[in-house]
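Take a look at the structure set out below.
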Amino acid sequence: MSLQKILVQIEPKPENLLRALKAAQKENKYIGEKECEKIADYFSLPLARIYSFASFFNEIRTKKETKKNIRICSGGPCLSKDSAKVARQIEMLLGLEAGNDAHPKYKLEYISCLGLCDRGPVVEVEGQIFERVKPEMVDDIIQSYL
Amino acid sequence: MQILTKNWNKIDPLRIDSYIKTGGYESLRKAIREMTPEKIIEEVKKSGLRGRGGAGFPTGDKWDLAAKTPAKEKYFICNLDESEPGVYKDRTIAEKNPHQIIEGLLIGATAIGAKKAFIYINGYYRKQNEILEIALEQARGKEFIGRSMLGSAIDIEVDIFQGAGAYICGEETALINSVEGNRGEPRLKPPYPPVAGLFGKPTIVNNAETLANVPFIIKRGAKTYSQIGVSGSPGTKLFVLEGAVKKQGIFEAPLGTTAQELIYNSLYGGGMASGKDFLFAQIGGASGRLVTAGKLDQPLAYGAGEYNLGCGSIFVADKSTDLKNLLFSWADFFHRESCGKCVPCREGTYRLWEIAKRIKKNEILKRDKENIEDILWTLSNTTFCPLGNFAAIAWSDAMKMFGKEIFG
Ligand SMILES: Cc1cc2nc3c(=O)[nH]c(=O)nc-3n(C[C@H](O)[C@H](O)[C@H](O)COP(=O)(O)O)c2cc1C
Ligand code: SF4
Ligand code: FES
C-alpha cells in the first residue's frame, strides 16, 4: 500500500501522529526523509518536528536496516532466568558481540524489559518475539529466521 | 481480600457479558444515575485510594483539582505504559479483566467532566491492546461509552494510544507530550496536569491499577475500602514476585504487607527456590532499593518506612546472582531510556553504562571507582526529572553493599 493510502485512513490530528508513523513503518520498515516529508505535509506540521518525533522512539526506525536484527532483554528477571547464557550462545553462533555493530550481516542488541518477565528470557528476532528461550533453542530460532 | 484478582480466570476477557454477570458496570450505572460528580469524587477521597503508578498520590484530591479547574475540554488518561523492568501487573489486569480498568476510567472521566479519554498502552503489549480494543467495542455496544451513556447526557469517547518503546513516556508529562505529537520529554511542573495537561487542558493521568480499584469503591463504599490495608495506605496491591523465589508471579495482598511475608509466606512466594540463598530483594523495579534480609519486615505502604514500594515489584537476588551482569542490566536500561533532555542524566547514564560494560568484562580502570561516586551523586541531585534519580538508586545501594567485592 502506498504511504498516501495509509495516511488517508488516519485523521491528521496530533494525537494520531505516532499511529501514522507506526502504520507507515509497518509497510515500509523504516521512516526515512521522504516518508517524513509526506507525513509532515499530511499533518501540516514542520518536517523537523516529524523527524524529531520519529527519532525519539526506540521502536521507530529512521534509517533503513540492512542487517538482520536480534534483540535480547537485559532486565533483571530475564537475567535470573539465564538470559546471559542465551546471549552468549547467540554471540558464539553468529560470531559477534552484543551491542557492537561491527558484523556485516547481523546485529545483536540489548533491549529494555518487554513486560514479559514471567515468560523470560525474551528474545526478539526480526520483530518476532520468542519467550522462555533456552541456550539450546538458539540454533533453531536463528536458523529459521535468518 | 481480593479486589483486583477476584475474577481472574473466572471471566472471559473477550466477552463483556461475563464481566457484567459478576456485577460489572453496576458501579458505572450507580455513578451516573445515583451520584453527582462531586459525590463520586467525595467517595474516592474518603476511600483514601492512592495512585498505584509509584508515587502514591491521593487519587480523589487529584480528581478534585481537575474537576474544579474551569475548562471547556478535559481529558482523562489511563496510564498503561508500564515499562519498568520486572513489572507486568497492569499488563495482567488488561489481559485478565480489561473491563475493570475501563469501568474505572469511565467513572473517573464522568467525575471530572472529561469527554475524551485515552488508554496509553505500552507498544509491546500487542495482545493486550487487541483485548482492550475488543472490550471497548463491546462497551460501546452496551452504551457504556459514547453519546448519551446509559441514557444520560454524558458523552465520553475512549481511544487507545499505543506507545513505541520509551520508558520515560510512563512519566505523565512526557506521556502527554507524546500524545500531542511531541518528543516524549518531561515538562517542568507546575503547572500540574490536572490544571494544564493535554493540549493545555485539565488532564488526569492515572495508573491502570489505580483505576481498577474504583468500581469496588463506588459499589461497596469508601468506608469498606478504607478498612482494607493500613491507615494511610488503604486497599490491596498487586505485587510482582520475580527472581529466586519458589513461586513467581502476581499476588494481591493488602497494603502494609511486608516483603518478608510476600517472599516467604506460602500464600505468596512460598520461600526461596530450592538451593538458593537470599542475598537481597530489589523493591520497585530497576529503580528500586536493595533491601537486605534484616530489613524485609517493614510494611509496604506509601510514605512509610525506609524504602518505597514503588509499583510493587519484588525481585529476589540470591547468592549465585552475577552482580556484574545485574549492574550492567540497570545501567543498560537507564542509558537507553534517558530521554536526553538534560545533560546530567544523558551523560551520566551513558558514562555509567560504559563503566558497567568494563565491569562486566573485568576491565575496570583505576579511575572508574571514583567516577562512579561522582556520577551517582550527579544523577541523584541534578537531573530534570526523577528518571535520573532512579538510575542511581540501585547502583548506590550496590556500591555500599558490594563495592569491595566488585572492585577488590
Ligand atoms: C520515569 C518515570 C516513569 C514512570 N512510569 C510510569 C508507568 O509506566 N506507569 C504509571 O502508571 N506511572 C508511571 N510513572 C508515574 C506517572 O508519572 C504518574 O505519577 C502516574 O501515572 C499517576 O498515576 P497514579 O496517581 O494513579 O499513580 C512514572 C514516573 C516516572 C518519573
Ligand atoms: S532526568 Fe533523564 S529522563 Fe529526565 S529529563 Fe533529564 S534526560 Fe530526560
Ligand atoms: S525482564 Fe525481560 S521481559 Fe521483563
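Each reported figure results from applying straightforward, stated rules to the coordinates on display, with no laboratory input. Computed from a prediction, not measured in an experiment: that's the story for all the values here. Backbone-built Cβ (ideal geometry, glycine too); neighbour counts: all protein chains shown.
Summary table
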item: Low-density loop positions, GluC sites (Glu not before Pro), region A:49-112 - DSSP coil, at most 11 other Cβ in 10 Å; result: A:Glu65
item: Region B:148-164-region A:2-67 distance, computed between alpha-carbon centres (Å); result: 26
item: Loop trypsin sites (Lys or Arg not before Pro), region B:333-405 (other Cβ atoms within 10 Å of the site Cβ: 13 or fewer; DSSP); result: B:Lys361, B:Lys366, B:Arg367
item: Listed residue (B:Phe280, B:Ile3, B:Ser313) projecting farthest to the positive dipole end of the protein assembly as shown, Cβ model; result: B:Ile3
item: Theoretical FRET efficiency, 1/(1+(r/R0)^6), r = Cβ-Cβ of B:Glu405 and A:Asp139, R0 30 Å, to 0.05; result: 0.25
item: Per residue Cα convex hull volume in Å³ - calculated over the protein assembly as shown; result: 153
item: Distance between region B:98-119 and region B:357-408 - C-alpha centres, whole angstrom; result: 42
item: Per-residue [θ]222 nm for chain B (sum of -39500 (n - 2.57) over DSSP H runs n ≥ 4, rounded to 500); result: -13500 deg cm²/dmol
item: Mean projection area, nm², convex hull over Cα of chain B; result: 19.2
item: Other protein chain Cβ atoms within 10 Å, averaged over every residue that makes up B:179-189; result: 4
item: Chain A: calculated mean residue ellipticity at 222 nm from DSSP helix runs of at least 4, using -39500 (n - 2.57); result: -12000 deg cm²/dmol
item: Residues listed by number, region B:92-131, amide nitrogen under 12 Å from B:Lys142 label point at 7 Å toward C-beta; result: B:98-104
item: Long-range HN-HN contacts of B:Leu300 with modeled amide H, under 5 Å; result: B:Gly256, B:Thr257, B:Thr258, B:Ala259
item: Mean Kyte hydropathy of -0.5 or more with a Cα span along the axis of at least 27 Å, helices from DSSP in chain B; result: B:386-407
item: Sites B:Asp277 and B:Asp155 - FRET efficiency at Förster radius 41 Å, r taken between beta-carbons, to 0.05; result: 0.10
item: Cysteines in chain A lacking a second Cys C-beta under 4.7 Å; result: A:Cys36, A:Cys113, A:Cys117
item: Prolate/oblate/rounded call for region A:3-56, Cα gyration tensor, a/c under 1.5 rounded; result: rounded
item: Kirkwood-based shape ratio for region B:87-127, expressed as Rg/Rh from alpha carbons; result: 1.02
item: Low-density loop cleavage sites - GluC sites (Glu not before Pro) in region B:268-347, where at most 11 other Cβ are within 10 Å (DSSP); result: B:Glu306
